[in-house]
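J.: Structure below; questions to follow.
The values are calculated or read from the model by the stated rules, or taken from the named source; none is laboratory data. Since this is a predicted model, take the numbers as computed values, not measurements. Heads up, the Cβs are rebuilt from the backbone with ideal geometry, glycines too, and the neighbour counts pull from every protein chain shown.
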């Protein structure tokens, strides 16, 4: 954990819109807990997938927790978010109860989308989460549109759009960056560069692997940050979001991170070496932050254990909530294909 | 008690479709009655029964296609009457299982209407393409609708429509001709015959008769061919497997062209024994039936040789193709005025070019030319053969 | 007495609809290629930039996927966008956004997110602009649950469908047959919103039901007139809406005439006419006297040369010949 | 019997022999047998029919006066009236 930049004070606004002023110590514990929630949730999801409770595709966020934690720490509850299929962390941290996320992955009616979306398509109106989107690059134009609507209606919120290094090669990345810059729209583009587009390393997918440098072609401010350092990520996102919120223009932030698990449960992970994974695990965002807290006396064993207990309780509850969930009645199959008459 | 079977109505016929019965179970029939109508590649043919009796059981339903030799009905003698009364007669046994049952083409609407109105779809005449029955047809059959006339003036005038029957006939003729071409090594002989004497004889005969009994030139040709064949019997027979079977009876197949195309060889039985008037009447009946599309089975069976005469407006000469299993075919061109040598001088005479096509497996050129010679002799003294005296 | 409407062009009727919508609801805005300064590729939006300003008449770069996606986002964000994709041919670039986002958000989100978006596209061939510009793919879009597909063929529909579509909480695709923009007709002064879920019997008859839409409707009318001289009485139905299909109207018509002919400029295989034919056979089988027939474009990439293109497209002559064969049962 | 009635009778008998022929296409001076493709057999039946209907004898020698519609009508009207 390299600690070059001096920390600004704790965040004025936290993910859940309450004005909380925390001491640095409380703030760091909060960050650790958020990451730990994601880590435990994803580990449990992997276990439940093995037990056939969760089916279909499952893309785990293990290794990238620092990015989601940093990003959601800075956004307000009123900001929009458009994410991808690797969005469990964002869903949890944007305030969707872990039980309803787990139930959604079980396909239960109590899931946040009645079990229709599943792991890749988590939506929540209250959290202003406009989806997990399983089409690589599919969410970018939608984020641009959301920002366009806000600009037209004079709203001061910003729209955060999350995508991977794979999406940067999609035509829609180019089209969306151009539109956002051309129409001066408040879009925060967050690129989670985990070095692999599914099974293809970045050096095989990009002529220019320094993704942040792409933004200059669209006259969009950009920077990159070590995606394994939650403090650094939070700093970078705060700066980026500040530009977007104040200057009402887009910003492109590349978070350089790494996923410790395969692309998805079907992936045999042959395209990278075990050593490379072990090397990156040495910079595990959760473990390195735990050591940092203990070393700097920001936290002691008791605090950490308390967090770990709370989180494991939350996860147990989430699982039992999902287990006891019900199936959506077949009769509702065609519900919501179109709106019932009169719904505005 | 005897079984009435599907007769073979032509050497190449394998099966026929029973179109309709003229009698029902329990009816009395006598020899020669036309018991049913059958459709073959050659067209609709009336089937005669060859014995007296009572129809005790009808086995095949109208519309069914059955192979030659299949039992169509059972004809009992007087006793048959009792037998039938005793056992409860069930519906004629449907032999449909093996053969393809002729599906009635009927639209879904018509089928439902027929059920509703209690109309038997087998009795409904379909006005649609290839006889398909539609709702209006059923309503008409149920008397709910007056017959409708169809406006057709936009159909291109004079456009010939080949019906199914004509197509089948064309196929049958094609099959026979190609078989003949493939298997029969034809040899051809030709000669020109002065017709002056025979035409004059005919004119005198016709002058004595009313128009109804007038003879056409074809009669002279038929009678002279018949007598010439008596002199050269080996041209009158069948080639069976690998040998010639000379036939006792002498039935001349006479080619009759049909108006909308196609050809039927009607069989003039015992052409050598029958009197000219008998032949004229037979010919008249058979040609009228052929052209009306209602030929009888007996009209076209067991010809032993074929004679083609293209008529007075036909081509000069015709080189025919033998109808298997026959071994010869006599072809007459049109009777025309031609230049001929007569007693060393040029003369213009009505004459006919006649050809003989013969099967080289069965006969040789020498028989052929003897036939043409005797044919010529008879045509010079027609009166001799006319009264049947030899 | 309904006072006589003045003569206007189809494109003018569409423009009037856009103006009315933008005046009535400030959430409505028009976005698309060349809709502002150029006045629209088919001059539909001529003058709208001057009237509403560039905040609400937005020229987009040539990026169909993202400006259609932006339209979806703006609709999610509370606006009522009208996105104009110049022609259906270019909409293939935005098909992912339409199918995987617009049509899917509501259902996949368990009913949380509506996408009240209208997308207008020109469609159809017949103007010698060759294979890549002459597609008629409205039938393909009508395959997608979650969106509505309408095809205004008359002035009343061109004028009236837009407002109803904008009020609909779900995405509506409006296909304007390019060949119709120049056509003229009368439109009454008080013409206004019309429904977007019903077919319309435009000409009643007893011998056969001819189902057509968009570019083929006028051909069906012409054929019906010719055939009336032969004493054949055709019922002509304007589909108006390809999804959801208003079955009741064409099924009851076929129950009267017992014969159906569908005229569709799409390619035969998997076309909207195939779907309609299947539904007639499934639900009006016992009303049929003859198999349902279809006249569609030849299954070829549209050729440039005029004679070839005309040979590929359904023509009045084809309709007349088919109806004569069906009704008069000649070979 | 006027000319129209004779022509009608002739057409009726011709139609029996050549049902599908289009008689109103038949020119007055056209050779009937060639135009309507009627062979000697059918033509004899045609003459027999005229004999039945009109009771006139048509000897073979007169055949050459029986080739066109005009000739036939003339021949018959001269015999009957």
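J.: With the condition kept exactly as written, say whether any residue in the stretch C:190-209 is outside any loop (DSSP other than H, G, I, E, B), in contact with a strand residue (DSSP E or B) (Cβ under 9 Å, 6 or more places away or on another chain) and either farther than 30 Å from residue C:320 by Cβ or within 11 Å of chain A (Cβ to nearest Cβ) (or both).
T.: No, the stretch C:190-209 contains no residue that is outside any loop (DSSP other than H, G, I, E, B), in contact with a strand residue (DSSP E or B) (Cβ under 9 Å, 6 or more places away or on another chain) and either farther than 30 Å from residue C:320 by Cβ or within 11 Å of chain A (Cβ to nearest Cβ) (or both).
J.: Please state which of the following conditions residue C:188 fails to meet, knowing it meets all the rest: (1) surrounded by fewer than 23 Cβ atoms within 10 Å (Cβ to Cβ); (2) within 26 Å of residue C:259 (Cβ to Cβ).
T.: All conditions are met except number (2).
J.: Every residue in the stretch C:78-108 that is farther than 17 Å from residue C:165 by Cβ, surrounded by 24 or more Cβ atoms within 10 Å (Cβ to Cβ) and at the interface with another protein chain (Cβ under 8 Å from one of its Cβ atoms), please.
T.: C:97, C:101, C:105, C:108
J.: For the stretch B:208-273, give me every one of the strands (runs of 3 or more DSSP E) that falls completely inside it and has 1 or more residues that are closer than 27 Å to residue B:381 by Cα and out of contact with any strand residue (DSSP E or B) (no Cβ under 7 Å at 6 or more places or on another chain).
T.: none
J.: Taking the options C:102, C:43, C:74, name whichever one is within 16 Å of residue A:140 (Cα to Cα) and under 24 Å from the mean Cα position of the chain (by Cα).
T.: C:102
J.: Please tell me if residue C:174 is touching a residue at least 24 places away in the same chain (Cβ under 8 Å), touching a helix residue (DSSP H, G or I) at 6+ places or on another chain (Cβ under 9 Å), under 30 Å from residue C:105 (Cβ atoms) and within 14 Å of another protein chain (Cβ to nearest Cβ).
T.: Answer is no for this residue.
J.: Are any residues in the stretch A:192-212 in contact with a helix residue (DSSP H, G or I) (Cβ under 7 Å, 6 or more places away or on another chain) and part of a helix (DSSP H, G or I), and if so, which ones?
T.: Answer for the stretch A:192-212, where residues must be in contact with a helix residue (DSSP H, G or I) (Cβ under 7 Å, 6 or more places away or on another chain) and part of a helix (DSSP H, G or I): just A:211.
J.: Considering each of B:366, B:352 in turn, give the residue that is assigned to a strand (DSSP E or B) and either within 14 Å of chain D (Cβ to nearest Cβ) or at pLDDT 85 or above (or both).
T.: B:352
J.: Test residue C:69 against the stated conditions and say whether it is in the same structural domain as residue C:29 (by TED's automatic domain parsing) and within 16 Å of residue C:28 (Cα to Cα).
T.: Considered against the rule, which asks whether it is in the same structural domain as residue C:29 (by TED's automatic domain parsing) and within 16 Å of residue C:28 (Cα to Cα), residue C:69 comes out as no.
J.: If the requirement is being out of contact with any strand residue (DSSP E or B) (no Cβ under 7 Å at 6 or more places or on another chain), away from chain B (no Cβ under 12 Å), surrounded by fewer than 16 Cβ atoms within 10 Å (Cβ to Cβ) and on the phi < 0 side of the Ramachandran plot, which of these qualifies: D:34, D:8, D:30, D:20?
T.: D:8 is the lone residue from the list that is out of contact with any strand residue (DSSP E or B) (no Cβ under 7 Å at 6 or more places or on another chain), away from chain B (no Cβ under 12 Å), surrounded by fewer than 16 Cβ atoms within 10 Å (Cβ to Cβ) and on the phi < 0 side of the Ramachandran plot.
J.: Just for the stretch B:325-349: of the residues that are within 17 Å of residue B:249 (Cα to Cα) and not in a strand (DSSP E or B), which one is modelled with the highest pLDDT?
T.: The extreme case among them is B:327.
J.: Does at least one position in the stretch C:112-124 carry a residue that is more than 18 Å from residue C:64 (Cα to Cα), more than 14 Å from chain A (Cβ to nearest Cβ) and either under 17 Å from the mean Cα position of the chain (by Cα) or free of Cβ contacts under 8 Å to residues at least 60 places away in the same chain (or both)?
T.: Yes.
J.: Then there's this: Considering only residues of the stretch C:307-327 that are within 14 Å of chain B (Cβ to nearest Cβ) and either in contact with a helix residue (DSSP H, G or I) (Cβ under 6 Å, 6 or more places away or on another chain) or surrounded by 17 or more Cβ atoms within 10 Å (Cβ to Cβ) (or both), which is nearest to residue C:215 (Cα to Cα)?
T.: Applying the filter and picking the extreme gives C:320.
J.: Any residue in the stretch C:234-252 that is part of a strand (DSSP E or B), more than 30 Å from residue C:146 (Cα to Cα) and not assigned by TED's automatic domain parsing to the domain that holds residue C:155?
T.: yes
J.: For the stretch A:146-161, give me the residue count where each residue is in contact with a strand residue (DSSP E or B) (Cβ under 6 Å, 6 or more places away or on another chain) and either free of Cβ contacts under 8 Å to residues at least 12 places away in the same chain or farther than 17 Å from residue A:242 by Cα (or both).
T.: 1
J.: Checking the condition within 9 Å of another protein chain (Cβ to nearest Cβ), in a loop (DSSP other than H, G, I, E, B) and within 24 Å of residue A:255 (Cα to Cα), which residue from A:135, A:96 passes?
T.: A:135
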